[in-house]
Amino acid sequence: MSRVDPGIAGLNHLCLSVPDLAAAKAFYDAAMPAMGWRAAGPTAFAAGNYEIYLQQSQVDGAGFIRHGVGLQHLAFNAPSRQAVDALHALLLEIGARVTDAPAEYPHYSDGYYAVFFQDSGGIALEFCHTPNMSL
């Protein structure tokens, strides 16, 4: 198998369709900087070479379904366990839905530490510290 140029194979951006753009913007404006992302436009965030965009959903539907077809969850890298705990505190402060408080998940990998939560539209998110993974 030939090697792929990482500049070509890397993730470029992700666009999330949300049921209420104003509520999503308020949520992500608070949460993204705490995870190391910066505003890159009115409804965009950037970290390194990656971008995440928000857009208003054009379809009414059932909303997020954990094991349904589509995005199951989106996980962000945390630089430390303390960063995970700090985000958890922020999520509680802004009234976000935390589905699983910070904990170790050794069945994922040694030292795996994460908080699981949902955005204002119910999209499942995770902030995880994986000490054995080079970022």
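The values are calculated or read from the model by the stated rules, or taken from the named source; none is laboratory data. The structure presented is a predicted model; accordingly, all values stated were derived computationally and were not measured. Every residue, glycine as well, gets a Cβ built from its backbone with ideal geometry; the counts of neighbours run over all protein chains shown. Protein only, heavy atoms only, side chains kept; ligands, DNA and RNA dropped before computing areas. Shrake-Rupley method; radii C 1.70, N 1.55, O 1.52, S 1.80 Å.
Structure data summary
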| quantity | calculated |
| --- | --- |
| Whichever residue in the range 94-119 is aromatic (Phe, Trp, Tyr) and part of a loop (DSSP other than H, G, I, E, B) and, among such residues, is modelled with the lowest pLDDT | TYR108 |
| Qualifying positions in the range 13-30 - charged (D, E, K, R) and either assigned to a helix (DSSP H, G or I) or open to solvent by less than 70 Å² (accessible area, probe 1.4 Å) (or both) | LYS25, ASP29 |
| Filter result (of a type in the set (Ser, Thr, Tyr) and modelled with pLDDT of 85 or more) within the range 1-29 | SER17, TYR28 |
| Test: residue in the range 82-93 that is more than 22 Å from TYR113 (Cα to Cα), at pLDDT 95 or above, surrounded by 12 or more Cβ atoms within 10 Å (Cβ to Cβ) and of a type outside the set (S, T, N, Q) | no |
| Meets criteria (modelled with pLDDT of 95 or more, open to solvent by less than 30 Å² (accessible area, probe 1.4 Å) and under 26 Å from THR43 (Cα atoms)) for ALA124 | no |
| Some residue of the range 49-60 being modelled with pLDDT under 95, small (Gly, Ala, Ser), closer than 23 Å to LEU11 by Cα and open to solvent by 20 Å² or more (accessible area, probe 1.4 Å) | yes |
| Tally of residues being closer than 26 Å to SER57 by Cα, within 15 Å of the chain's Cα centre (by Cα) and either surrounded by 15 or more Cβ atoms within 10 Å (Cβ to Cβ) or β-branched (Val, Ile, Thr) (or both) across the range 94-114 | 3 |
